[in-house]
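To start, the structure under review is shown below, and the notes come after it.
What follows draws every value from the coordinates through simple rules; no lab data is involved. Note that the coordinates shown come from a computational prediction; the quantities given were computed from them, not determined experimentally. All Cβ positions, even for glycine, are placed from backbone atoms using ideal geometry, and neighbour counts span all protein chains on display.
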Amino acid sequence: MNIQLPPGGILIGLGADIVDVDRIKGVLERQGDRFLDRVYTEEERAYCFGMKRPHPHLAARFAAKEAVSKAFTTGIGAELGWKSVSVYHGERKEPLVHLDAKGRTLLAQVGATHVLLTLSHTETAAMAVAALIKV
């Protein structure tokens, strides 16, 4: 197998986040589809709810969105929305990021060309680290 890593380059921004899985579970129980519709893309929802235990996967994607927003130094708000960042999987099931128009505009404004992402979770916590790089 020929494994290729993401392109190297200049680090432009770095962000990390950790989320308690029970926090996401609680918000989902209280707000239901309103929360899901506001935060997650259809692709993310389909992936998470296709899992035996969706809450850790939802929490990891929530952490990813926060980590990317921290790498941009904007947070989630006017410049970058919850759905501006979408997590999907590559050939080896590695997490990849899709940015909407707002996200792509920010990426260009900060001088980056790629978003690198790593996720991890247990039954109780999920975390993400995002890096903005220029190749």
- Message: Go through the range 104-120 and report how many residues are in contact (Cβ under 8 Å) with a residue 24 or more places away in the chain and under 12 Å from the mean Cα position of the chain (by Cα).
- Response: 5
- Query: List, please: which pairs have Cβ atoms under 6 Å, are six or more places apart or on different chains, and start with a residue in the range 68-89 that is closer than 12 Å to Tyr40 by Cβ and end with one that is of a type in the set (A, V, I, L, M, F, W, C) and buried (at least 24 other Cβ atoms within 10 Å of the Cβ)?
  - Reply: Val85/Val68; Val87/Ala64
